[in-house]
1. Once R0 is set to 22 Å, what does the formula 1/(1 + (r/R0)^6) return for the Cβ-Cβ distance between Ala75 and Met140, expressed as a FRET efficiency to the nearest 0.05?
2. Longest segment of the chain with no trypsin sites (Lys or Arg not before Pro) in a DSSP loop having at most 13 other Cβ atoms within 10 Å?
3. Determine the gain in length on full extension of the stretch Val122-Trp151; use 0.36 nm per residue of separation and subtract their C-alpha separation, reporting nm with one decimal.
4. Considering the range 77-183, what Rg and Dmax in Å follow from its alpha-carbon atoms?
5. Helix-only estimate, please: 222 nm mean residue ellipticity of the chain, summing -39500 (n - 2.57) across DSSP H runs of length 4 or more and dividing by its residues, to the nearest 500.
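We did not get these values from a lab; they are worked out from the coordinates using the rules stated. Keep in mind it's a predicted model, so treat the numbers as computed, not measured. Here the Cβ is made from the backbone with ideal geometry for all residues, glycine too, and neighbour counts use every protein chain on show.
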Amino acid sequence: MTHTTVLTKRSVVPLLVPLGVGALVAVALGLYGRVHAPTGFAVGVAGFSGPLAMKAWLTTGAALLAIVQVLSAMAMWSKAGTRSAWLAPLHRWSGRIAFLLTIPVAFHCLYALGAQYDSPRVMIHSLLGCFFYGVFTAKMLSLPRRGLPGWTLPVLGGLVFTALIGLWLTSSFWFFTTLGVRL
Ligand code: HEM
């Protein structure tokens, strides 16, 4: 048996379950976003002019923390980084808080607005939103698994980051450049 065969055989199977569950999460969110009637439900949050502004700033907070998470991941994999005890907690907590900030935003998106495909920006945003939670689920389910290919976490982590930045560009960036940078 050649070296490549061993690697391929060993490393693919444990990845199928996390990827399968991640795909199910993305499809379920997409279906819910299409099937349920948007409620237009909105809560006024103190300090913000409305739900869109609140969501634009929460998403900006999540995107900035995601940048901290990627930079700390790169540092962790660098030679020097292996000695810094604070890097791993920084990586973990910036990721956790970034994810938590997206929850009230996505709840409003899905429950109040649903998945809308009436403009390219909103369609890309809606699809990215479902993909974000799907690939995030796949990454979290892959973390404790042994025998996965070395590229699994960097690739899944990279996809989570790219999806979140895409969500920011198709929502907060649009909001700030169309309606102004305001609370
Ligand atoms: C889970 C699937 C998601 C769906 C189906 C979805 C759908 C939508 C829709 C239809 C809008 C209104 C767009 C408009 O008319 O301007 C919207 C707005 C917004 N969404 Fe989402 N979204 C999702 C997830 C997310 C996530 C995960 C974030 C942030 C991490 C996010 C951030 C925002 C923000 C900031 C706005 C307000 C600015 C805007 O109107 O574009 N969305 N979303």
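1. According to the calculation, E is roughly 0.55.
2. Answer - 1-78.
3. The Val122-Trp151 span can extend by a further 7.3 nm.
4. Values for the range 77-183 (Cα only, Rg and Dmax): 16.4, 50 Å.
5. Taken over the chain, the calculation gives -24500 deg cm²/dmol.
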